[in-house]
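Visitor: Once you've had a glance at the structure underneath, I'll fire off some questions.
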Amino acid sequence: MDIMLFHSVYGLTPSVEAAAEQLRAAGHRVWTPDLFDGRTVGTVEEGAALRDEIGKDELLRRAVLAAAPYSERGLVYMGLSLGASIAQTLALGDEKARGLLLFHGTSDIAESASADDLPVQLHVAEPDPFETDDWLSSWYLQMRKAGADVEVYRYRGAGHLYTDQELPDWDAEAAERTWAVALSFLDSL
């Protein structure tokens, strides 16, 4: 499977490369575009400031440029938190997308979005400060309305970016369960 993996608000950190290596070890081809041009940060607040400095439109432009050479293959779009938002936007705009794998985040969905039978899997903490229960319920209904085949997995007590070993949110048990389910999802595509 060809996977385009987008990083979190922390940037293209070693933990993102470790996630890509885990996917590669399972037999997938993975690309990890650096949407922050080599910059990484140490806190969510610094990452939010960098995201805002670059701007949403520019981040999406960079993501589209990174994915374009491979999109004809039928990519699985994957993202971590901020990267999940970007992955979702690209997958919903790519009629050849093979799947959408979201860790720690989602994004708004346009009323006109179409995701006919797109396999989607979301892994998120419970509770999550950025993905509230009300938000997730609305997101789920909108994705289903758009035609996506959606699975949502919640991890009680885990921190927001619980699969990132470099952060205080790290939860080894939840991360292990997430990766087992996610790799099975990818094998099913």
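Visitor: Test Ala113 against the criterion of being of a type in the set (A, V, I, L, M, F, W, C), buried (at least 16 other Cβ atoms within 10 Å of the Cβ), over 15 Å from the mean Cα position of the chain (by Cα) and more than 22 Å from Gly42 (Cβ to Cβ), and give yes or no.
Guide: Numbers: of a type in the set (A, V, I, L, M, F, W, C): yes; buried (at least 16 other Cβ atoms within 10 Å of the Cβ): yes; over 15 Å from the mean Cα position of the chain (by Cα): yes; more than 22 Å from Gly42 (Cβ to Cβ): yes.
Yes, satisfied.
Visitor: Going by the structure shown, is Leu23 touching a Ser or Thr at 6+ places or on another chain (Cβ under 7 Å) and in contact (Cβ under 8 Å) with a residue 24 or more places away in the chain?
Guide: Spelling it out, it is not the case that Leu23 is touching a Ser or Thr at 6+ places or on another chain (Cβ under 7 Å) and in contact (Cβ under 8 Å) with a residue 24 or more places away in the chain.
Visitor: So, in segment 1-32, of the ones that are of a type outside the set (Lys, Arg) and assigned to a strand (DSSP E or B), which residue ends up surrounded by the most Cβ atoms within 10 Å (Cβ to Cβ)?
Guide: Phe6
Visitor: Which of the residues that make up segment 129-148 are of a type outside the set (S, T, N, Q) and over 16 Å from the mean Cα position of the chain (by Cα)?
Guide: Correct list: Pro129, Asp133, Asp134, Trp135, Leu141, Arg144, Lys145, Ala146, Gly147.
Visitor: Determine whether segment 64-82 contains at least one residue that is free of Cβ contacts under 8 Å to residues at least 40 places away in the same chain and under 14 Å from the mean Cα position of the chain (by Cα).
Guide: No, the conditions are met nowhere in segment 64-82.
Visitor: Right, Leu60: modelled with pLDDT of 95 or more, among the aliphatic types (A, V, I, L, M) and surrounded by fewer than 18 Cβ atoms within 10 Å (Cβ to Cβ) or not?
Guide: Here the answer is yes, as Leu60 does meet what is asked.
Visitor: Something else about it: Out of curiosity, is Ala182 among the small types (Gly, Ala, Ser), in a helix (DSSP H, G or I) and touching a residue at least 60 places away in the same chain (Cβ under 8 Å)?
Guide: Numbers: among the small types (Gly, Ala, Ser): yes; in a helix (DSSP H, G or I): yes; touching a residue at least 60 places away in the same chain (Cβ under 8 Å): yes.
The answer is yes for Ala182.
Visitor: Separate question: Looking at Tyr70, is it under 16 Å from Val150 (Cβ atoms) and hydroxyl-bearing (Ser, Thr, Tyr)?
Guide: No; evaluated as a whole, the condition is false for this residue.
The values are calculated or read from the model by the stated rules, or taken from the named source; none is laboratory data. Everything numeric in this text was worked out from a predicted model, so none of it was measured. With ideal geometry, Cβ positions are generated from the backbone for all residues, glycine too; neighbour counts draw on all protein chains shown.
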